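The values are calculated or read from the model by the stated rules, or taken from the named source; none is laboratory data. Bear in mind that the values here come from a model prediction, so they are computed numbers and not experimental data. Here the Cβ is made from the backbone with ideal geometry for all residues, glycine too, and neighbour counts use every protein chain on show.
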Amino acid sequence: MSWVTVIFSMTASACLTTALIYFFIWWRQRGAWAYLLFATAALSTAAFAFCDLAEMHAQSPAQYGDAGRWAQLSIWAVILSLAGFVWFYLRAGRRWLLWTVCGLRTAALLLNFLTGRNLNYQQVSSLRHIQFLGESVAIARGVPNPWQLIGQVSIYALLVFVADAAITVWRRGDRRRALFVGGSIVFFLTTSTAQASLIFWGHVEWPVLASILFLGIIAAMNYELGGEALRAVQLANDLRAREQQITLAAEAASLGFWARELTRNEIWGSDRWRELLGFTKAQRVHYEDFSARVHPDDREAMRRTLAEAIDGDGCYQAEYRVLLPDGITRWLASQGRVEFTPDRRPARLQGVVLEITQRKQAELEAQEHRVEVARLLRAASLGELSSALAHELNQPLAAILYNAQAAQLFLARGTFDLQEIRHILGDIVTDDQRASEVIRRLRALLTKGEFQPQLLDANELIREALKLMNHDLTARKVGVVTQFAPDLPSIRGDRVQLQQVLINLILNAGDAMSQPPQNVRTLTLGSSRAAGEGVEISVADTGSGIPQGGEERIFEPYHTTKPHGLGLGLSLSRSIVFAHGGRLWAENRASGGAVFHCTIPEWRGR
C-alpha cells in the first residue's frame, strides 16, 4: 500500500472516528446542535478524502470528472456544517452572512451537476501522471468551468462570516475559542482555496489536497471541543464533591431536600425528608401522599403559599404541621423556589425542610409565660387603680341604695305615685348595669388569656381606657386632651390587650407628671393615619421626659425608674403591639415631656 493511500485513508478514518464520537455525544444531549454539526463536518471531510483519493487513482478523464463531481457534494456538506457550527458554538456572527453562505454554496452544488463535467472543469480532456510521495498520481488537464467562481465566492463569504464571528467572540473575552475555532477555519480554508484555484486554473501541476487541509480544521476544533469535554468532566467532579459537601452539611443540620416535576405527579425526596414525613426509603411518593401527611388545618394555607409562589417571583416560605401514621405531630419549616420555562410556565418545584417542633414548643411555652405575666401585670395595674375602681363601683351602688331607700319610704306611707315608682326602678336597673359593666371590665382584664383579634375602633378604644382611668387622672389633677382623627379605618386587635397597653402608657404618663416640680399636668391622647396601612395612637405627657439616649432602654425588661416598679410594663406593651403587627416607640417632645407612639395594622377581614 502506497503512502498516498495510507495518508488519505488515515485522514478519512480519523474523521469517521471523530464523527461517531460527537454524534454519540449529540445523541445524549439532543439540544447541543453544535456537536451534531461538527460530527457532520467530520463525516463529510472523510467522504471528501475518499473523493480526493479516487481522483488521484483515476484511470480515465471520465473517472476523474465523476470523482470531482461527488467531491463537491462533500464540500457542500462541510461548508454548511462549519457555518452552522460557528453559529451555534460561538453564538456569534451575522445571520444574513450565514444565509448568504448557505445560498451560494447550494447554488454552486446545483451548477456542479448542471454545467460541465463538474464545478471545476467544463471538460476534462486528459490525465497526466506525476510522482507524489513516491507514487504516480493523476492530475487533470481540461477546460476550467467559469461557474466555479460561485463556489469560490461562497468560500470567501464563509471566511468573512467566520472572521466576523471570531472577532465578536474575541471582544467578548473568550479569546481561546476565537483563536482555535475561528482562526483554524480561516487559515486552513484560505490555504485550501488558494491551492485549488492555482490547480484548476492551470497555474501549477499538483494533486488536490483540500481534504488534508480540511483535516486541520477538524483537528483544531476537535482539540477545542475535547478540552471543553475535559473541563466538563472536571466540573462534574467538582460538582460531585460540592454535592457531597452539601449532603454532609444537610445531614449535620438535619435538612431534608425534595423536588417535584410539575409535569409528573411523583415527588423525589432525600432520606431525611422521607424520615421527617414518615415515608420509607423505597416508597414511591406522589403529591397526594404528601398532601395527606400535611395537617388538615394547614393544607389550604400550604396550597395557597405554593400558588402565590407560582404566580409571583417563584420563592416561598412556609411553616406547617405534618401528621405521621403513628399519630405524632411534627412542625416543619420549608423554603424553596419554583423553576420556570423560558415562556414563564412553572416546570419544577424544589425546596428544603427543617424540623422546628422543639422551637414551636418553646414558642408556645414562651407565649403561655407571656400571657401569664400579662395577667399578673394587669392585676398589678388594677392594684394601682384600686381607688379609681372603688369610685367607679361606689357611684352606681350608692345610687342603687338611695333609690331603694326612696322606694321604701313611698311604700311605708301607704300612698305612692306609680309613675314615680317606675322611674325609681328604672334608675336602679340603669345603675345596676353600670356596676355590671365595671365588673365585666375587671373580669376581662383579670381572666383574659389567648390572643383574640377582632374589629376595633381606635378612638372608641381610647375612650374606654380613659373611662377606666378617669378617677385616677382626676385625683392626680391631670387634664386630658383628645385629638382624634375622623374617618379612621378599623384596626385588627385584641381589645383587652390593647387596653392594657393604653393603661400602662397612661399610668406611666401620670407617674411622670406627679414628680415635683410640676405646674401643668396635661395628658394628650391622639389618633391618626399611620404612614403605612393602619392607625397610629399617641400618648403624650408634660413630665420630665426620657433621659437622653434612653428612648430604647426603657423598653428593656426589668428596666424601671419607679421606686416600686417591676420594669415589665413597657417591655410587655411592646411585645403586645409587635404581636399585633405594629410598632411601639418613644421620643421626647420639644415643648417638654415625652410621647409614646404605637401603630396597629388595619383590619383586613381575616
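Checking the range 492-505 against the condition returns no match, with no residue being under 21 Å from residue 594 (Cα atoms), of a type in the set (Asp, Glu), surrounded by 14 or more Cβ atoms within 10 Å (Cβ to Cβ) and assigned by TED's automatic domain parsing to the domain that holds residue 594. Being on the phi > 0 side of the Ramachandran plot, of a type outside the set (Gly, Ala, Ser) and out of contact with any Asp or Glu (no Cβ under 8 Å at 6 or more places or on another chain) holds for only one residue in 133, 114, and it is 133.
Set side by side, the residues 91, 69, 105 differ, and just one is exposed (fewer than 15 other Cβ atoms within 10 Å of the Cβ) and either under 18 Å from residue 211 (Cα atoms) or in the same structural domain as residue 22 (by TED's automatic domain parsing) (or both), which is 91. On the stretch given as the range 252-286, residues that are in contact with a Leu (Cβ under 7 Å, 6 or more places away or on another chain) and either of a type in the set (Val, Ile, Thr) or part of a loop (DSSP other than H, G, I, E, B) (or both) total 3. Taking (1) at pLDDT 75 or above; (2) of a type outside the set (Phe, Trp, Tyr); (3) in a loop (DSSP other than H, G, I, E, B) in turn, residue 217 satisfies each apart from (3).
For the range 513-527, a residue qualifies if it is surrounded by fewer than 18 Cβ atoms within 10 Å (Cβ to Cβ) and either at pLDDT 85 or above or assigned to a helix (DSSP H, G or I) (or both), and the qualifying residues are 514, 522. Can residue 83 be described as part of a helix (DSSP H, G or I), touching a residue at least 12 places away in the same chain (Cβ under 8 Å), in the same structural domain as residue 172 (by TED's automatic domain parsing) and surrounded by fewer than 20 Cβ atoms within 10 Å (Cβ to Cβ)? When the stated conditions are applied, residue 83 does not pass them. Of the set (1) over 21 Å from residue 5 (Cα atoms); (2) in contact with a Lys or Arg (Cβ under 6 Å, 6 or more places away or on another chain), all apply to residue 65 but (1). Using the structure shown, decide if residue 532 is at pLDDT below 75 and touching a His at 6+ places or on another chain (Cβ under 9 Å). It is false that residue 532 is at pLDDT below 75 and touching a His at 6+ places or on another chain (Cβ under 9 Å). Within the range 114-157, if we keep just the residues that are part of a helix (DSSP H, G or I) and of a type outside the set (A, V, I, L, M, F, W, C), the residue that is surrounded by the fewest Cβ atoms within 10 Å (Cβ to Cβ) turns out to be 156. Which of the residues belonging to the range 473-491 are at positive phi and under 52 Å from the mean Cα position of the chain (by Cα)? Matches in the range 473-491: 487 only. Here is a check on your reading of the model: is residue 83 in contact with a Phe, Trp or Tyr (Cβ under 8 Å, 6 or more places away or on another chain) and among the small types (Gly, Ala, Ser)? Yes: the conditions hold for residue 83. Taking residue 154 as the residue in question, decide whether it is over 53 Å from the mean Cα position of the chain (by Cα) and of a type in the set (Ser, Thr, Tyr). Spelling it out, it is not the case that residue 154 is over 53 Å from the mean Cα position of the chain (by Cα) and of a type in the set (Ser, Thr, Tyr).
For residue 12, the requirement of being among the small types (Gly, Ala, Ser), in the same structural domain as residue 133 (by TED's automatic domain parsing) and surrounded by 16 or more Cβ atoms within 10 Å (Cβ to Cβ) is met.
Checked against (1) among the polar types (S, T, N, Q); (2) on the phi < 0 side of the Ramachandran plot; (3) modelled with pLDDT under 70, residue 254 passes all but a single condition, namely (2). Against the definition (under 23 Å from residue 111 (Cα atoms) and surrounded by fewer than 22 Cβ atoms within 10 Å (Cβ to Cβ)), how does residue 50 come out, yes or no? So residue 50 fits the description; yes.
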